[in-house]
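For reference, the structure is listed below as structure tokens.
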Amino acid sequence: MADSKTNAKLDLKPVFFGKKEKKLLLDPLNDNNPITVQVLGICSALAVTTLTTKALTMAVAVTLVVGFSNLITSLLRKLIPSEVRMIAQLIIIATLVTVVSLTLQAVNYPMYKELSVFIGLIITNCIVMGRLEAFAMANDPWRSFLDGIGNGLGYGVILLIIAALRELLGKGAIFGFKLFGPGPDFLVDTQAISMLHWYTPNNLMVLFPSAMFVLAVIIWLHRTWNSKLVDVS
Amino acid sequence: MELINIFLKSAFIENLALSYFLGMCSFLAVSKSVKTASGLGLAVIFVLGITIPINWLIDHYLLSENGLFGMDLTFLRFILFIAVIASMVQLVEMVVEKVSPALYSALGIFLPLITVNCAILGGSLFMISKELNFSESLVFGLGGGFGWFLAIVAIAAIREKIRYSNVPAPLRGLGIAFIITGFMGMAFMALMGIDPAALVGK
């Protein structure tokens, strides 16, 4: 954090989208991924990843909330006294989450029902709070916004990978299209099976614990590939 | 009887940490030693037991249609709930500091962390979706907190031991913690078939 602060002081000429802005947007996708590296926002990552459509909705919702709460907090950062900043940040986040939740209710009510409490739990998603504390309270609005969107994307990518694996192996489908396993009416007509009928979907993958295992494998692969992230302690 | 039922159900069968995976951030971050884990667990019991009944009162007497303002204000739920949680945590912190400095030095650092623990807000939101009454919501809060306490102490004990095992380097720390949590979740899934009503002899 210290070096980004000095950087912001060094370039006096405001750059609209320079190298540093690009880094802010892309860093969370790999080196500083909110889920696999910073271990933030795990709760929702595990609970909503049974279906890819659910994960996609959640990823969009979280990206919007992080982006805009970063933007608003950064605009207000000089007005918020530091003793009450926690409550002030929470109110900003809660307002944005209410907006997102009401919008989702209006646009896609079945999806809202399916996500149940997890839309509300974006408020306590540590990614949002963490970015506000670590970045938005010390940086200008445009950069904070980019940082928020970047972290939202980093979160979304991992969410989609987990959800795709779980839906593919657990339900034999992806985005609801059936790929593996017996078709819905295979008891009546044995010919009506989908193309890859040798794989029988494993129900364990839809249950909660499998999300843990999938995430552990993703972390394993990510750290094997990017060895500077290995935990040495 | 009904209350014992709800306590057992919220503590074991619908364990907030291991069945819903709520509060995972602090669950993984603070479970490196049993001592700190039990400190955080106690603080969670405390805060859940206080905030859920308060949020119940707010939901029924301020936000519902036949409440104080006579209109449906449920869209304000998120904002009020999180404000209640944040201020209760602050209040609890001050009271504990005055009353028992020893407990404060044990819990002190964890109390602010609890505001952003999803298990607390999740508990309040589950309380709404389950449509509990006041005493049930109090028991639900305490039971949920107790279950979370058990879970974090258990994983901390396992992680203290696993430090001596030869885990592959990229899995060390976080990765192996996820796998352990997954197994613990599978163990808790076995409790889902239990009917607490039969246990308390109803």
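Name the single residue, out of those in the range A:128-169 being outside any helix (DSSP H, G or I) and open to solvent by 10 Å² or more (accessible area, probe 1.4 Å), that is nearest to A:SER82 (Cα to Cα). Out of the qualifying residues, it is A:MET137.
Considering only the range A:196-220, state which residues are more than 8 Å from chain B (Cβ to nearest Cβ) and modelled with pLDDT of 85 or more. Of everything in the range A:196-220, those that are more than 8 Å from chain B (Cβ to nearest Cβ) and modelled with pLDDT of 85 or more turn out to be A:VAL214, A:VAL217, A:ILE218.
More than 10 Å from every other protein chain (Cβ to nearest Cβ) and at pLDDT 85 or above: does that describe B:PHE126?
no
Of all residues in the range A:26-37, those that are assigned to a loop (DSSP other than H, G, I, E, B) and either among the aromatic types (Phe, Trp, Tyr) or open to solvent by less than 50 Å² (accessible area, probe 1.4 Å) (or both) total 6. When we screen B:GLU136, B:GLU160 for residues that are among the charged types (D, E, K, R) and more than 30 Å from B:ASP59 (Cα to Cα), the only hit is B:GLU160. Looking across the range B:1-35, the residues that are assigned to a loop (DSSP other than H, G, I, E, B) and either under 21 Å from B:PHE140 (Cα atoms) or at the interface with chain A (Cβ under 8 Å from one of its Cβ atoms) (or both) come down to B:MET1, B:GLU14, B:ASN15, B:LEU16, B:ALA17, B:LEU18, B:SER19, B:TYR20, B:PHE21, B:LEU22, B:GLY23. Scanning the range A:52-109 for residues that are in contact (Cβ under 8 Å) with a residue 12 or more places away in the chain, in a helix (DSSP H, G or I) and open to solvent by less than 70 Å² (accessible area, probe 1.4 Å) yields a total of 31. Step by step: first the residues of the range B:163-199, then only those that are open to solvent by 50 Å² or more (accessible area, probe 1.4 Å) and of a type in the set (Phe, Trp, Tyr), then the one that is farthest from the other protein chains (Cβ to nearest Cβ). Which residue is that? Looking at the filtered set, the residue picked out is B:TYR164. Listed conditions (1) closer than 19 Å to A:THR124 by Cβ; (2) without any contact (Cβ under 8 Å) to a residue 12 or more places away in the chain are all met by B:LYS161, apart from (1).
Is it the case that B:ILE152 is under 26 Å from A:SER210 (Cβ atoms) and touching a residue at least 12 places away in the same chain (Cβ under 8 Å)?
yes
Only one of the listed residues (B:LEU132, B:LEU125) is part of a loop (DSSP other than H, G, I, E, B) and either at negative phi or open to solvent by 30 Å² or more (accessible area, probe 1.4 Å) (or both). That residue is B:LEU132.
Taking the conditions (1) part of a helix (DSSP H, G or I); (2) out of contact with any helix residue (DSSP H, G or I) (no Cβ under 8 Å at 6 or more places or on another chain); (3) at pLDDT 80 or above in turn, B:TYR164 satisfies each one other than (1).
For the range B:106-116, does any single residue satisfy the condition of being touching a Cys at 6+ places or on another chain (Cβ under 7 Å), within 13 Å of chain A (Cβ to nearest Cβ) and of a type outside the set (Asp, Glu)?
Filtering the range B:106-116 down to residues touching a Cys at 6+ places or on another chain (Cβ under 7 Å) leaves B:116.
Cutting the leftovers down to within 13 Å of chain A (Cβ to nearest Cβ) gives us B:116.
Pick out the ones that are also of a type outside the set (Asp, Glu) and you get B:116.
Checked against the condition, which is being touching a Cys at 6+ places or on another chain (Cβ under 7 Å), within 13 Å of chain A (Cβ to nearest Cβ) and of a type outside the set (Asp, Glu), the range B:106-116 yields at least one hit.
Considering the range B:129-162 alone, what residues qualify as being away from chain A (no Cβ under 14 Å) and among the basic types (Lys, Arg)? Hit for the range B:129-162 is B:LYS161, nothing else. Whether a residue is away from chain B (no Cβ under 14 Å) and either out of contact with any Ser or Thr (no Cβ under 6 Å at 6 or more places or on another chain) or modelled with pLDDT under 70 (or both) was assessed, and A:THR224 does not pass this test. Assessment of the range B:95-105 against the conditions (at pLDDT 80 or above and within 14 Å of another protein chain (Cβ to nearest Cβ)) yields no matching residue. Can you confirm whether the range B:55-76 contains a residue that is aromatic (Phe, Trp, Tyr), within 13 Å of chain A (Cβ to nearest Cβ), touching a Leu at 6+ places or on another chain (Cβ under 9 Å) and open to solvent by 40 Å² or more (accessible area, probe 1.4 Å)? Yes, there is a match, as at least one residue in the range B:55-76 is aromatic (Phe, Trp, Tyr), within 13 Å of chain A (Cβ to nearest Cβ), touching a Leu at 6+ places or on another chain (Cβ under 9 Å) and open to solvent by 40 Å² or more (accessible area, probe 1.4 Å).
The values are calculated or read from the model by the stated rules, or taken from the named source; none is laboratory data. Keep in mind that what you see is a predicted model, and the values were worked out from it rather than measured. Neighbour counts run over all protein chains shown; Cβ positions are idealised from the backbone, glycine included. When the accessible area is computed, the model is the full protein with side chains, heavy atoms only, and any ligands, DNA or RNA have been set aside. Shrake-Rupley method; radii C 1.70, N 1.55, O 1.52, S 1.80 Å.
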